[in-house]
1. Test Val17 against the criterion of being among the β-branched types (Val, Ile, Thr), modelled with pLDDT of 50 or more and either over 30 Å from Asp224 (Cα atoms) or in the same structural domain as Phe161 (by TED's automatic domain parsing) (or both), and give yes or no.
2. For the range 124-140, does any single residue satisfy the condition of being under 25 Å from Leu235 (Cβ atoms) and hydroxyl-bearing (Ser, Thr, Tyr)?
3. Could you list all residues from the range 20-70 that are at pLDDT 70 or above and closer than 15 Å to Ala92 by Cβ?
4. Kindly indicate which of Asp306, Asp345, Asp335 is part of a helix (DSSP H, G or I), in contact (Cβ under 8 Å) with a residue 12 or more places away in the chain and surrounded by fewer than 19 Cβ atoms within 10 Å (Cβ to Cβ).
5. Only one of (1) under 29 Å from Ala220 (Cβ atoms); (2) of a type in the set (Asp, Glu); (3) in contact with an Asp or Glu (Cβ under 9 Å, 6 or more places away or on another chain) fails for Asp341. Which number is that?
6. Just for the range 277-303: of the residues that are assigned to a helix (DSSP H, G or I) and among the basic types (Lys, Arg), which one is surrounded by the most Cβ atoms within 10 Å (Cβ to Cβ)?
7. Would you confirm whether or not the range 377-385 contains a residue that is free of Cβ contacts under 8 Å to residues at least 60 places away in the same chain and either loosely packed, with under 13 Cβ neighbours inside 10 Å or of a type in the set (Val, Ile, Thr) (or both)?
8. Of all residues being touching a Ser or Thr at 6+ places or on another chain (Cβ under 8 Å) and not in a helix (DSSP H, G or I) in the range 211-231, which is farthest from Asp335 (Cα to Cα)? Just the residue, please.
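The values are calculated or read from the model by the stated rules, or taken from the named source; none is laboratory data. Predicted model, so just to flag it, every value in this text is computed and none were measured. In this analysis, Cβ positions are derived from the backbone assuming ideal geometry, glycine residues included, and neighbour counts consider all displayed protein chains.
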Amino acid sequence: MAPHKFASLVIGIMAAVWSGQANAQVRLSEEEAILDGIDKATLLSLRVGGRTAPAPVSFSLRLGKANASENRERGFVFTPVIHQWPGIYAEARFKGSHLYAAFDDAVNQYRLWIDDQEQPLLSKPGKTVLKYDHLGDGEHRVRLEKISESQKAVGAFRGFFVPEADAALPPPPRRIRQIEFIGDSDMVAYGANSTRRDGCTDEEIWATTDTSRGYVTRVAKHYDADYQVNAYSGLGVVRNWNGEKRDLNLSTLYPRTLFEDVTPWKRDGWSPQVIIIAIGGNDFSTDLHSAEKWRDKAALRADWTDKFVRFVTDIRAQNPMAHIVLGTYSAYDADYLAANDAAFDRLSARDKRLSRILYPKTENTACNYHHSQNDYALLSRLVIAHLDGLADVWAQGEP
């Protein structure tokens with residue numbers, strides 16, 4: 001190891017100690033982490049939420065070892081994971097005062113909590129290891145949440161590690177309640193932390209997107225539910241925003257774990273009691289182009305209604321006991337509303353475990369006229385009130 005790298009490692013660690021800072025965070029390269037002993041550390045089992053896949057060899061660690069006995073219960077994740085959908089999270093438990101978190105991700109932003117105490121924001125961590133010191137003796141719980149959107153690249157979380165094997169604990173149990181969200185940028189929380197509508201650069205949009213503070217995550221945490229956020233900014237049912245990405249739509253992306261990989265996602269115990277679907281604004285928000293297949297908005301409405309009814313029917317077949325909620329934005333244009341009305345009428349005529357929320361006009365003061373934090377607080381309250389008003393909505397799977 002180069003002398004200047006060793007010196008920077010020592011200085012960083014000592015500065016954290018001298019400052020007396022609780023939960024000090026030190027950023028290490030993989031080389032520095034091995035010098036620090038991570039190659040002898042133990043990889044923690046994870047409870048992962050959202051759609052992930054095992055990382056290929058190129059993302060694998062030469063760091064740490066694993067205790068296979070901790071991986072017996074279905075739902076534990078024990079290898080590095082890759083991901084693209086928003087709202088991915090990972091939880092683990094451990095004992096002792098030290099923790100490592102390893103990444104290979106130059107595209108995403110994360111929030112991390114240790115014992116419910118939020119740590120410094122992790123922005124594009126790259127191929128690095130973060131070391132957390134001074135956590136105190138006893139048992140601890142750690143939670144990592146992806147808050148950004150990564151449509152064009154895959155991110156990798158390489159795991160949590162502890163110095164000693166006996167410090168590894170089983171992860172938190174799977175929650176009894178499960179809720180799934182299917183939608184577009186409104187569920188991603190696109191630009192949600194922005195304070196302006198116009199002039200946002202792509203980097204600003206990325207930096208201010210925050211799924212952890214959108215309405216979907218607020219609703220899930222209110223009910224202490226595991227959740228999936230299967231949402232994609234700009235996505236439509238049959239037509240994406242401004243007619244772009246014509247080979248992708250809701251039906252083609254939804255079954256996948258990774259956007260460029262057609263391999264179907266494996267449910268592996270995923271059985272949500274509630275599924276909320278709110279999508280369609282992108283289909284109707286821009287004018288049709290001459291090269292598109294619909295001759296006019298009437299043809300688009302008819303196609304949208306047929307395809308959306310088919311999609312929801314497929315979701316119902318996969319989740320026969322779930323309550324499905326359709327979200328409709330009442331301030332959107334007439335074509336969108338007419339298509340949503342027609343689809344709801346057809347679906348509700350034969351599905352008694354289906355309901356609808358009409359979202360009111362919102363501020364839309366975030367980037368590109370997306371929802372603000374005030375909007376997300378309002379939407380979360382409306383969804384919670386709606387679910388609270390449904391009889392036995394959480395009955396499936398509850399004791």
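1. So Val17 does not fit the description; no.
2. Of the residues in the range 124-140, the ones under 25 Å from Leu235 (Cβ atoms) are 124.
Filter once more, so that each one left must be hydroxyl-bearing (Ser, Thr, Tyr): none.
Checked the range 124-140: no residue is under 25 Å from Leu235 (Cβ atoms) and hydroxyl-bearing (Ser, Thr, Tyr).
3. Across the range 20-70, the qualifying residues are Ala41, Thr42, Leu43, Leu44, Ser45, Leu46, Arg47, Val48, Gly49, Thr52.
4. Numbers: Asp306 fails: in contact (Cβ under 8 Å) with a residue 12 or more places away in the chain; Asp345 fails: in contact (Cβ under 8 Å) with a residue 12 or more places away in the chain.
From the options Asp306, Asp345, Asp335, the qualifying one is Asp335.
5. Going through the list (1) under 29 Å from Ala220 (Cβ atoms); (2) of a type in the set (Asp, Glu); (3) in contact with an Asp or Glu (Cβ under 9 Å, 6 or more places away or on another chain), Asp341 breaks only (3).
6. Arg301
7. yes
8. If we take residues in the range 211-231 being touching a Ser or Thr at 6+ places or on another chain (Cβ under 8 Å) and not in a helix (DSSP H, G or I), then Tyr227 is farthest from Asp335 (Cα to Cα).
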